Amino acid sequence: PQKTSFHRSQTLGYKNGFAFSRLPTVGIGGERLYVNQLSQAELDELSNTRPTLTYGQAKQALPSGFVPAHVAFDKKILKFDAYFQEDVPLSAEEHYRIRQVGIYYYLEDDSMSVIEPVVKNSGLPQGKLIRRHRVPKNDHGDHYHWKDLNRGMNITMYGRTYRIVDCDPFTQVFLESQGIELNPPEKMVFDPYTELRRMPMHKYITPSDFDQLKQFLTYDKQVLRFYAMWDDTNSMFGENRPYVIHYYLADDTVEVREVYKQNDGRDPFPILIKRQRLPKTFVDKKKTFPSCVLEISDQEVLEWYTAKDFAVGKSTTLLGRTFFIYDCDEFTRNFYHDKFGITDFQPVEIKQKPLEEVPQVVPPYNGFGILEDSLQNCFSLFPKPPRKDVIKMLENDHKVLRYQAALESPNPEDRKRRFILSYFLADDMISIYEPPVRNSGIIGGKYLGKTRVAKPGSTTENVTYYEPSDLTIGSTIEVFGHRFVITDADEYVLNYMESNAASFPAAALQSLRDHFRPRQVVKEAANSDIPTHGTSKQELDELIGQVQEELKLHTYLNNKNIRETFLQCDKDGSGILGKAEFLSLCNSLSVPTNTILLNKLIDLCSCGEDKINYHDFLRAFPS
């Protein structure tokens with residue numbers, strides 16, 4: 001009745017794709033058959049004896065095939081559970097650390113590796129501690145073998161000692177099959193600090209009768225509002241800043257919000273302290289406890305802020321900042337009256353200091369650019385160009401007053417230099433040009449660009465510039481440290497001043513008239529002298545032509561040099577020279593004044609007794 005299997009044994013099988021027959025080992029019902037089985041003696045005889053044939057000894061059977069180690073032990077690994085102890089010198093909580101590892105021995109090539117399981121957020125470099133290779137055993141070149149490994153022993157690899165406590169079942173079976181007696185397994189040692197962190201802390205807290213749910217349902221959406229002031233005047237650029245303190249009755253949390261005004265110059269960050277429970281009194285801390293923690297729990301706080309800690313007219317310190325509460329809203333007054341019986345809610349008047357007006361100090365002018373244009377950078381972040389008098393520019397467009405000036409300098413070479421000073425009436429600007437003089441050693445050209453020139457002694461607040469009325473004959477003008485003396489002017493200057501006599505002082509106009517009067521007298525005398533000699537202009541031209549024909553015989557004369565010499569001697573540019581000076585110049589230039597024609601020409605060019613107009617005389621010496 002105990003038999004349950006009544007099928008016949010299978011005698012046909014397949015191996016590596018080939019069919020082969022085998023004798024049944026059990027019969028119907030699962031009973032073992034001994035008929036078809038050979039005894040151990042018969043098996044030994046069959047393996048040792050060889051049949052002898054008629055024609056001699058049978059051939060020896062081929063030896064069994066050789067199987068290499070990497071095939072025989074492929075994927076066969078011995079695993080041992082171990083740990084090692086590591087010192088922790090810089091910690092007050094632990095002095096050593098236990099780290100559990102797994103030692104793997106690969107039978108195919110006798111290599112070993114040590115791997116530590118990775119623990120999340122451990123802060124330690126874990127994983128593969130020793131890579132797979134043959135680990136040296138000593139300094140003689142020997143390597144560790146599986147025969148050297150056993151439970152309950154220490155093994156040192158690269159200066160670190162591992163304690164083997166246990167192995168897996170495959171390792172145990174393999175070592176026992178090889179005749180190695182295994183030591184009894186040991187218990188794995190765990191890290192004491194890690195176990196301490198895992199153990200729940202025993203809390204002996206008596207359940208409170210306070211119902212937080214009832215508080216939430218009773219005071220939900222009820223907020224106490226206080227108006228406070230933070231005095232930060234002791235710090236640099238500090239001030240009295242207003243804040244609003246909200247106390248939420250539902251969960252006893254506090255929130256501090258900033259009060260912003262229009263154009264106060266501050267970024268709109270509305271919340272100074274987010275809604276949270278604020279600690280009032282801390283528990284006495286140990287010396288080893290860090291001064292800054294990420295979270296504050298009930299274990300570190302002895303007392304929290306409540307509604308009774310806020311009152312009008314008192315100061316409250318929240319997270320290191322002292323806020324002075326000077327007022328509250330109507331709901332807060334009613335709550336304190338009903339809850340605590342407080343009726344004194346007299347608001348405190350906050351006196352704010354008036355803002356000190358800081359006078360705007362204009363920095364000194366640095367000399368770059370026009371003063372009015374540079375001054376705009378002190379008044380605006382985006383400076384605008386100064387306004388111009390457009391009507392004046394249109395009326396005086398292309399009107400320029402030109403003067404001749406000499407440089408006042410202690411250097412003798414600079415005293416002979418002559419400059420042309422141009423005053424532009426459209427924008428009151430001055431430019432100075434120096435005509436080039438040959439062989440003077442000074443390069444002529446533009447001496448001063450077009451700019452406005454301030455008078456000496458003028459300041460940035462009160463700037464006075466040179467005007468046409470300041471430019472008179474003989475006056476001195478200081479231009480950026482250089483002094484110029486005006487020696488001459490164009491006739492256009494006199495004509496312009498006479499046409500606008502109301503805009504110029506009488507002394508300036510009279511100085512120009514006195515300067516130009518000798519020229520006008522000479523011109524009138526020159527025009528009146530020609531008819532008195534009974535000589536017309538046509539006759540003068542004929543005489544000049546005859547003198548030119550006569551001077552062709554004197555090839556040594558340099559007409560260009562003669563003209564330049566006469567022009568240089570005429571310092572005032574009037575065109576009139578004294579007769580003695582004129583004759584000495586002719587003698588120095590080897591001009592034959594003893595001829596009849598030249599004497600007649602000199603008589604015609606004379607203006608009065610001792611004056612000679614040399615312009616007509618120079619017509620006989622064309623350049």
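When all alpha-carbon pairs of the range 212-340 are counted, what percent fall beyond 20 Å?
52 percent
Relative contact order for the chain using alpha-carbon pairs under 8 Å, separation at least 6, rounded to a whole percent? Let's see the in-between values first.
Values: 805 pairs, mean separation 30.6, N = 623.
Answer for the chain is 5 percent.
Going by amide H atoms built from the backbone, whose H comes under 5 Å of the H on Lys280, apart from near neighbours?
Those lying under 5 Å, H to H, from Lys280 are Glu303, Trp304, Tyr305.
Return the tail of the calculated pair distribution for the range 398-526, meaning the percent of Cα-Cα pairs more than 27 Å apart.
That tail contains 23 percent of the Cα-Cα pairs.
With the Cα gyration tensor of the range 384-472 giving a ≥ b ≥ c as the square roots of its eigenvalues, does the rule (a/c under 1.5 for rounded; else a/b larger than b/c for prolate; else oblate) give rounded, prolate or oblate?
On the way: a/c = 2.48, a/b = 1.72, b/c = 1.44.
Judged from the Cα gyration tensor, the range 384-472 comes out prolate (a/c at least 1.5, a/b above b/c).
Ordering Ser177, Ser39, Ser111, Ser606 by how much accessible area each has at a 1.4 Å probe, largest first, what is the list?
So, going from the largest accessible area down, we get Ser177, Ser39, Ser606, Ser111.
Quickly estimate the mean residue ellipticity at 222 nm for the chain, helices only: each DSSP H run with n ≥ 4 gives -39500 (n - 2.57), and the total goes over all residues, rounded to 500.
After summing the helix terms and dividing by residue count, I get -7000 deg cm²/dmol.
Which of the lysines could a cross-linker bridge to Lys351, judged by Cα under 22 Å and excluding same-chain residues fewer than eight apart?
Within reach: Lys261, Lys314.
Rounded to whole Å and ordered largest first, report the semi-axes of the equivalent ellipsoid of the range 301-397 derived from its Cα gyration tensor (root of 5λ).
63, 18, 12
With all protein chains present, calculate the accessible area of Glu300 using a 1.4 Å probe and round the result to the nearest 10 Å².
Answer for Glu300: close to 50 Å² accessible.
Taking a 29 Å limit on the Cα-Cα distance, which of the listed pairs Lys221/Lys353; Lys137/Lys187; Lys446/Lys579; Lys128/Lys187 fall beyond it?
Numbers: Lys221/Lys353 37 Å; Lys137/Lys187 26 Å; Lys446/Lys579 37 Å; Lys128/Lys187 23 Å.
Lys221/Lys353; Lys446/Lys579, as the Cα separations exceed 29 Å there.
Counting residues in the range 101-216 as N, plug N into 2.2 N^0.38 Å and put the Cα Rg over that result. List each step's numbers first, then the result.
On the way: Rg = 22.7 Å, N = 116, 2.2 N^0.38 = 13.4 Å.
Compared with the compact-globule rule of thumb, the range 101-216 sits at 1.70.
Non-local amide H neighbours of Ile342 (under 5 Å, H modeled in plane, Pro and chain starts lacking H): which ones?
Counting only residues 5 or more places away or on other chains, the set is His337.
Quick one: Debye curve from the alpha-carbon atoms of the chain only, equal weights, vacuum; give me log10 I(q)/I(0) at q = 0.12, 0.13 Å⁻¹ to two decimals.
Treating every Cα as an identical point scatterer, log10 I(q)/I(0) equals -1.29, -1.38.
What trypsin sites (Lys or Arg not before Pro) does the range 418-497 have in DSSP loop regions with at most 12 other beta carbons within 10 Å?
Arg438
I'd like the accessible area for His7, computed on protein heavy atoms only with a 1.4 Å probe and all protein chains in place. Round to 10 Å², please.
The value for His7 is about 120 Å².
For the chain, which longest stretch is free of loop sites, where a loop site is one of the chymotrypsin sites (Phe, Trp or Tyr not before Pro) that DSSP puts outside H, G, I, E and B and that has at most 10 other Cβ atoms within 10 Å?
238-367
For a quick check of your reading of the filter: which GluC sites (Glu not before Pro) in the range 68-119 sit in a DSSP loop and have no more than 11 other Cβ atoms within 10 Å?
Filter output for the range 68-119: Glu93.
Could you tell me which residue out of Ser122, Leu213, Ile477 lies farthest along the dipole of the chain toward its positive end? Charges go on the beta carbon: Lys and Arg +1, Asp and Glu -1, centred on the Cα centre.
Of Ser122, Leu213, Ile477, it is Ser122.
Trypsin sites (Lys or Arg not before Pro), restricted to the range 78-185: which are DSSP loop and have at most 10 other Cβ atoms within 10 Å?
The qualifying sites are Lys120.
Can you divide the C-alpha Rg of the range 442-507 by 2.2 N^0.38 Å and report the result to two decimal places? Can you show the working numbers first?
Numbers: Rg = 13.9 Å, N = 66, 2.2 N^0.38 = 10.8 Å.
Against the compact-globule rule of thumb, the ratio is 1.29.
The values are calculated or read from the model by the stated rules, or taken from the named source; none is laboratory data. Note that this is a predicted model, so its numbers are computed, not measured. Every residue, glycine among them, receives a Cβ derived from its backbone with ideal geometry; neighbour counts consider all protein chains shown. Note: areas computed on protein heavy atoms with side chains; ligands, DNA, RNA excluded. Shrake-Rupley method; radii C 1.70, N 1.55, O 1.52, S 1.80 Å.
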